[in-house]
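Notes follow the structure.
The values are calculated or read from the model by the stated rules, or taken from the named source; none is laboratory data. Everything numeric here is computed off the predicted structure, so don't read it as measured data. All Cβ positions, glycine included, derive from the backbone under ideal geometry; neighbour counts span all protein chains shown. The accessibility values were calculated without ligands, DNA or RNA, using every heavy atom of the protein model including side chains. Shrake-Rupley method; radii C 1.70, N 1.55, O 1.52, S 1.80 Å.
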Amino acid sequence: MREPVHQSRRKVWRDGVFSDGARLIPEETPLALTYNGGTYAVMMGSPEDLGDFAVGFSLSEGIVQAADEIETLDIVELDDGIELRMWLRPDRAERIAERRRNIAGPTGCGLCGLDSISEAVRPAAVVRRGRVFSPREIMAAVAAVAPLQEINHQTRAVHAAALWTAARGIVALREDVGRHNALDKLAGALARDKVIAGEGMVLLTSRVSVEMVQKTAAIGAPLIAAVSAPTALAVRMADAAGITLAAIARADGFEIFTHPERVTGAVAGKEPAYVVVA
(Lines give C-alpha, C1' and ligand atoms only; values in the text may rest on other atoms or scores of the structure.)
Protein backbone atom coordinates (compact mmCIF):
# COMPACT_ATOMS: atom_id res chain seq x y z
CA MET A 1 0.00 0.00 0.00
CA ARG A 2 1.18 3.53 -0.70
CA GLU A 3 2.88 5.54 1.99
CA PRO A 4 0.85 8.45 3.42
CA VAL A 5 3.78 10.88 3.21
CA HIS A 6 6.35 11.68 0.54
CA GLN A 7 9.74 13.41 0.79
CA SER A 8 10.07 16.22 -1.72
CA ARG A 9 13.17 18.20 -2.68
CA ARG A 10 12.61 21.93 -3.02
CA LYS A 11 14.21 25.37 -3.19
CA VAL A 12 13.70 27.54 -0.11
CA TRP A 13 13.76 31.34 -0.16
CA ARG A 14 13.87 32.63 3.41
CA ASP A 15 15.20 35.93 4.70
CA GLY A 16 16.45 36.86 1.26
CA VAL A 17 18.59 33.74 0.71
CA PHE A 18 18.03 30.63 -1.44
CA SER A 19 18.87 27.18 -0.07
CA ASP A 20 18.15 23.55 -0.92
CA GLY A 21 16.31 21.10 1.28
CA ALA A 22 13.71 18.40 1.68
CA ARG A 23 10.25 18.37 3.22
CA LEU A 24 7.72 15.67 4.03
CA ILE A 25 4.42 16.37 2.29
CA PRO A 26 1.19 14.34 2.41
CA GLU A 27 0.36 11.87 -0.32
CA GLU A 28 -2.97 12.26 -2.13
CA THR A 29 -4.70 9.67 -4.28
CA PRO A 30 -8.11 9.07 -5.87
CA LEU A 31 -10.23 6.68 -3.82
CA ALA A 32 -13.07 5.02 -5.73
CA LEU A 33 -15.88 3.64 -3.59
CA THR A 34 -17.72 0.84 -5.36
CA TYR A 35 -20.72 -1.19 -4.24
CA ASN A 36 -21.70 -4.46 -5.86
CA GLY A 37 -19.61 -3.69 -8.93
CA GLY A 38 -20.77 -0.10 -9.51
CA THR A 39 -18.81 3.06 -8.71
CA TYR A 40 -20.63 5.35 -6.29
CA ALA A 41 -18.07 8.16 -5.98
CA VAL A 42 -14.42 9.08 -6.36
CA MET A 43 -12.88 11.11 -3.54
CA MET A 44 -9.36 12.42 -3.03
CA GLY A 45 -7.78 11.25 0.20
CA SER A 46 -4.80 9.91 2.11
CA PRO A 47 -3.91 6.28 1.37
CA GLU A 48 -4.17 5.01 4.95
CA ASP A 49 -6.90 3.59 7.20
CA LEU A 50 -8.88 2.90 4.04
CA GLY A 51 -11.01 0.16 5.57
CA ASP A 52 -12.16 2.64 8.21
CA PHE A 53 -12.85 5.22 5.49
CA ALA A 54 -14.91 2.78 3.41
CA VAL A 55 -17.09 1.73 6.35
CA GLY A 56 -17.41 5.25 7.76
CA PHE A 57 -18.37 6.70 4.37
CA SER A 58 -20.96 3.97 3.87
CA LEU A 59 -22.51 4.68 7.26
CA SER A 60 -22.48 8.48 6.98
CA GLU A 61 -24.01 8.35 3.49
CA GLY A 62 -26.78 6.04 4.71
CA ILE A 63 -25.76 3.28 2.31
CA VAL A 64 -25.68 0.87 5.24
CA GLN A 65 -27.08 1.12 8.75
CA ALA A 66 -24.45 -1.14 10.32
CA ALA A 67 -20.96 -2.25 9.37
CA ASP A 68 -21.97 -5.91 9.11
CA GLU A 69 -24.24 -5.06 6.18
CA ILE A 70 -21.00 -4.89 4.16
CA GLU A 71 -20.36 -8.54 3.37
CA THR A 72 -16.91 -8.08 1.83
CA LEU A 73 -14.46 -5.19 1.52
CA ASP A 74 -11.42 -5.37 -0.74
CA ILE A 75 -8.81 -2.64 -1.08
CA VAL A 76 -7.40 -2.83 -4.60
CA GLU A 77 -4.46 -0.66 -5.62
CA LEU A 78 -4.49 0.43 -9.26
CA ASP A 79 -1.96 2.42 -11.29
CA ASP A 80 -3.76 5.74 -10.78
CA GLY A 81 -5.59 5.22 -7.50
CA ILE A 82 -7.21 2.80 -5.09
CA GLU A 83 -10.60 1.10 -5.31
CA LEU A 84 -12.52 0.28 -2.16
CA ARG A 85 -14.69 -2.58 -3.44
CA MET A 86 -17.62 -3.47 -1.24
CA TRP A 87 -20.35 -6.06 -1.65
CA LEU A 88 -23.48 -5.51 0.38
CA ARG A 89 -26.10 -7.79 1.86
CA PRO A 90 -28.81 -8.59 -0.72
CA ASP A 91 -31.41 -6.28 0.84
CA ARG A 92 -28.93 -3.39 0.85
CA ALA A 93 -27.79 -4.19 -2.67
CA GLU A 94 -31.30 -3.57 -3.94
CA ARG A 95 -31.43 -0.18 -2.25
CA ILE A 96 -28.03 0.97 -3.58
CA ALA A 97 -29.10 0.05 -7.10
CA GLU A 98 -32.05 2.43 -6.72
CA ARG A 99 -30.15 5.11 -4.83
CA ARG A 100 -26.89 5.25 -6.80
CA ARG A 101 -26.12 8.80 -7.77
CA ASN A 102 -23.30 11.28 -8.26
CA ILE A 103 -22.59 12.97 -4.97
CA ALA A 104 -23.27 16.68 -4.55
CA GLY A 105 -19.90 17.45 -3.03
CA PRO A 106 -19.41 19.08 0.36
CA THR A 107 -17.44 22.32 0.49
CA GLY A 108 -14.15 20.53 1.19
CA CYS A 109 -14.39 18.22 -1.80
CA GLY A 110 -13.04 19.17 -5.19
CA LEU A 111 -13.68 15.95 -7.06
CA CYS A 112 -16.93 14.63 -5.61
CA GLY A 113 -19.31 13.43 -8.27
CA LEU A 114 -16.67 11.85 -10.49
CA ASP A 115 -17.19 8.18 -11.15
CA SER A 116 -13.78 7.08 -12.42
CA ILE A 117 -10.22 7.28 -11.09
CA SER A 118 -8.85 8.18 -14.54
CA GLU A 119 -11.04 11.29 -14.60
CA ALA A 120 -9.78 12.34 -11.18
CA VAL A 121 -6.12 12.23 -12.25
CA ARG A 122 -6.57 13.48 -15.81
CA PRO A 123 -3.43 15.24 -17.10
CA ALA A 124 -3.42 18.99 -16.60
CA ALA A 125 -2.96 21.36 -19.51
CA VAL A 126 0.69 22.26 -20.12
CA VAL A 127 1.27 25.92 -19.29
CA ARG A 128 3.42 28.12 -21.51
CA ARG A 129 6.65 29.55 -20.13
CA GLY A 130 5.36 33.09 -19.55
CA ARG A 131 7.40 35.62 -17.61
CA VAL A 132 9.73 35.02 -14.69
CA PHE A 133 9.17 36.43 -11.22
CA SER A 134 11.46 37.75 -8.53
CA PRO A 135 11.14 36.54 -4.93
CA ARG A 136 10.12 40.09 -3.97
CA GLU A 137 7.25 40.01 -6.46
CA ILE A 138 6.00 36.72 -5.08
CA MET A 139 6.15 38.04 -1.53
CA ALA A 140 4.39 41.28 -2.50
CA ALA A 141 1.66 39.35 -4.33
CA VAL A 142 1.00 37.04 -1.37
CA ALA A 143 0.91 39.98 1.05
CA ALA A 144 -1.63 41.78 -1.16
CA VAL A 145 -4.30 39.09 -0.73
CA ALA A 146 -5.31 39.40 2.94
CA PRO A 147 -6.28 43.11 2.87
CA LEU A 148 -8.71 42.38 0.01
CA GLN A 149 -10.50 39.45 1.70
CA GLU A 150 -13.62 41.32 2.77
CA ILE A 151 -15.67 38.26 3.70
CA ASN A 152 -12.79 36.71 5.59
CA HIS A 153 -12.29 39.91 7.55
CA GLN A 154 -15.86 39.53 8.79
CA THR A 155 -15.91 35.78 9.31
CA ARG A 156 -12.36 34.36 9.45
CA ALA A 157 -13.85 31.32 7.73
CA VAL A 158 -13.33 31.54 3.95
CA HIS A 159 -10.60 30.89 1.41
CA ALA A 160 -9.47 33.18 -1.38
CA ALA A 161 -8.01 32.70 -4.86
CA ALA A 162 -6.54 35.63 -6.77
CA LEU A 163 -4.57 36.50 -9.89
CA TRP A 164 -1.65 38.94 -9.63
CA THR A 165 0.32 40.54 -12.44
CA ALA A 166 3.28 42.91 -12.30
CA ALA A 167 1.38 45.49 -14.34
CA ARG A 168 -1.84 45.53 -12.33
CA GLY A 169 -1.20 43.90 -8.97
CA ILE A 170 -4.27 41.91 -7.87
CA VAL A 171 -6.35 41.64 -11.04
CA ALA A 172 -9.21 39.69 -9.47
CA LEU A 173 -9.91 37.97 -6.14
CA ARG A 174 -12.75 35.67 -5.18
CA GLU A 175 -13.71 34.13 -1.83
CA ASP A 176 -15.66 31.05 -0.81
CA VAL A 177 -15.97 28.61 2.08
CA GLY A 178 -14.58 26.00 -0.31
CA ARG A 179 -11.07 26.49 -1.69
CA HIS A 180 -12.00 24.78 -4.96
CA ASN A 181 -15.04 27.02 -5.30
CA ALA A 182 -12.92 30.13 -4.78
CA LEU A 183 -10.58 29.08 -7.59
CA ASP A 184 -13.50 28.23 -9.89
CA LYS A 185 -14.98 31.66 -9.19
CA LEU A 186 -11.65 33.27 -10.07
CA ALA A 187 -11.48 31.30 -13.33
CA GLY A 188 -14.97 32.47 -14.22
CA ALA A 189 -14.17 36.11 -13.44
CA LEU A 190 -11.04 36.02 -15.59
CA ALA A 191 -12.87 34.35 -18.47
CA ARG A 192 -15.76 36.82 -18.37
CA ASP A 193 -13.33 39.76 -18.40
CA LYS A 194 -11.17 38.10 -21.07
CA VAL A 195 -8.06 38.29 -18.88
CA ILE A 196 -5.03 36.36 -20.16
CA ALA A 197 -3.30 34.82 -17.14
CA GLY A 198 0.00 33.87 -18.78
CA GLU A 199 1.81 36.88 -17.31
CA GLY A 200 0.53 36.40 -13.77
CA MET A 201 0.47 34.10 -10.78
CA VAL A 202 -2.42 32.43 -8.98
CA LEU A 203 -2.47 33.05 -5.23
CA LEU A 204 -4.14 30.60 -2.84
CA THR A 205 -4.88 30.85 0.87
CA SER A 206 -5.14 27.07 1.16
CA ARG A 207 -3.07 23.96 0.71
CA VAL A 208 -2.41 22.90 -2.88
CA SER A 209 -4.09 19.66 -3.92
CA VAL A 210 -4.09 18.09 -7.35
CA GLU A 211 -7.37 19.62 -8.47
CA MET A 212 -6.07 23.10 -7.60
CA VAL A 213 -3.18 22.50 -9.99
CA GLN A 214 -5.53 21.22 -12.69
CA LYS A 215 -7.72 24.31 -12.33
CA THR A 216 -4.71 26.67 -12.41
CA ALA A 217 -3.41 24.96 -15.54
CA ALA A 218 -6.79 25.48 -17.19
CA ILE A 219 -6.57 29.18 -16.28
CA GLY A 220 -3.11 29.30 -17.90
CA ALA A 221 -1.13 30.87 -15.04
CA PRO A 222 2.52 29.75 -14.94
CA LEU A 223 2.99 30.06 -11.17
CA ILE A 224 1.04 29.16 -8.03
CA ALA A 225 1.89 30.80 -4.71
CA ALA A 226 0.12 29.35 -1.68
CA VAL A 227 0.28 29.86 2.06
CA SER A 228 0.07 26.14 2.85
CA ALA A 229 1.93 23.06 1.66
CA PRO A 230 1.13 20.99 -1.44
CA THR A 231 0.35 17.30 -1.60
CA ALA A 232 2.78 14.97 -3.34
CA LEU A 233 0.35 14.36 -6.20
CA ALA A 234 -0.04 18.12 -6.66
CA VAL A 235 3.74 18.47 -6.94
CA ARG A 236 3.90 15.77 -9.60
CA MET A 237 1.00 17.32 -11.50
CA ALA A 238 2.53 20.82 -11.37
CA ASP A 239 5.85 19.50 -12.60
CA ALA A 240 4.19 17.76 -15.57
CA ALA A 241 2.11 20.84 -16.37
CA GLY A 242 5.11 23.16 -16.40
CA ILE A 243 3.81 25.18 -13.44
CA THR A 244 6.10 26.71 -10.84
CA LEU A 245 4.71 25.73 -7.45
CA ALA A 246 5.73 28.01 -4.57
CA ALA A 247 4.13 27.18 -1.24
CA ILE A 248 4.38 27.64 2.52
CA ALA A 249 4.62 31.38 1.88
CA ARG A 250 5.30 33.28 5.09
CA ALA A 251 6.48 36.77 5.95
CA ASP A 252 10.10 35.61 5.64
CA GLY A 253 9.85 33.65 2.38
CA PHE A 254 8.50 30.56 0.62
CA GLU A 255 9.50 27.15 -0.77
CA ILE A 256 9.63 26.22 -4.48
CA PHE A 257 8.68 22.62 -5.30
CA THR A 258 8.66 22.66 -9.12
CA HIS A 259 10.23 24.62 -11.99
CA PRO A 260 12.43 26.98 -9.93
CA GLU A 261 13.87 28.40 -13.17
CA ARG A 262 10.86 30.70 -13.35
CA VAL A 263 11.99 32.48 -10.15
CA THR A 264 14.95 34.83 -10.45
CA GLY A 265 17.98 33.53 -8.61
CA ALA A 266 16.50 30.15 -7.71
CA VAL A 267 18.81 28.21 -10.03
CA ALA A 268 22.49 28.72 -9.26
CA GLY A 269 24.43 30.22 -12.14
CA LYS A 270 21.34 30.72 -14.25
CA GLU A 271 19.41 33.96 -14.38
CA PRO A 272 16.23 33.23 -16.37
CA ALA A 273 15.35 35.67 -19.11
CA TYR A 274 12.08 37.54 -19.34
CA VAL A 275 9.88 35.77 -21.92
CA VAL A 276 6.97 37.52 -23.55
CA VAL A 277 3.89 35.40 -24.26
CA ALA A 278 1.93 36.59 -27.26
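Quick one: Cα centre-to-centre distance for the range 179-236 and the range 16-38, in angstrom? The two parts, judged by their Cα centres, are 17 Å apart. Charges were assigned to the Cβ only: +1 to each Lys and Arg, -1 to each Asp and Glu. The resulting dipole of the chain about its Cα centre is roughly 1340 debye. When the alpha carbon gyration tensor of the range 134-245 is reduced to an equivalent ellipsoid, the three semi-axes, largest first, read 19, 16, 14 Å. Taking θ as phi - 60° and the Karplus parameters 6.51, -1.76 and 1.60, the scalar couplings of the range 38-45 work out to x, 6, 9, 6, 10, 10, 8, x Hz in sequence order, x denoting glycine and proline. A simple charge model with +1 on the Cβ of Lys and Arg, -1 on the Cβ of Asp and Glu and nothing else charged puts the dipole of the range 138-278 at about 180 debye relative to its Cα centre.
Among the listed values (i) 0.98; (ii) 1.24; (iii) 1.03, the one matching Rg/Rh (Cα atoms, Kirkwood Rh) as calculated from this structure is (iii).
If one takes the longest principal axis of the Cα atoms in the chain, at what angle in degrees, from 0 to 90 and to the nearest 10, does the Cα axis of helix 50-60 lie? Its long axis makes an angle of about 70 degrees.
The long axis of helix 232-241 is offset from the longest Cα principal axis of the chain by roughly 60 degrees. Relative to the longest principal axis of the Cα atoms of the chain, the long axis of helix 179-192 makes an angle of roughly 60 degrees. Each Lys or Arg adds one and each Asp or Glu subtracts one; over the other residues with Cβ under 13 Å from the Cβ of Ala172, this totals +2.
With each label modelled as a point 7 angstrom along the Cα→C-beta vector, the Ala167-Ser118 pair spans 4.1 nm. Modelled spin-label separation between Arg250 and Ala143, with each label point placed 7 Å from Cα along the Cα-to-Cβ direction: 1.7 nm. Go ahead and estimate [θ] at 222 nm for the chain from helices alone: -39,500 (n - 2.57) per DSSP H run with n ≥ 4, summed, over the residue count, rounded to 500. It lands at -8000 deg cm²/dmol. Working from label points 7 Å from Cα in the Cα-to-Cβ sense, the Ala22 to Trp87 distance is 4.3 nm. Neighbours of Pro222, meaning other residues whose beta-carbon lies under 10 angstrom from its beta-carbon, give a summed charge of +3 when Lys and Arg score +1 and Asp and Glu score -1. Taken per residue, the accessible surface of the chain reaches 46 Å², heavy atoms only and a 1.4 Å probe.
Averaged over residues, the count of other Cβ atoms within 10 Å places the peptides 207-218, 15-26, 30-41, 141-152 in the sequence 207-218, 30-41, 141-152, 15-26, highest first. Pairs of Lys residues in the chain are counted when their Cα atoms are under 17 angstrom apart and they lie 8 or more places apart or on different chains; the count is 4. Its Cα centre serving as origin, the range 147-201 has a Cβ charge dipole (Lys and Arg +1, Asp and Glu -1) of approximately 20 debye.
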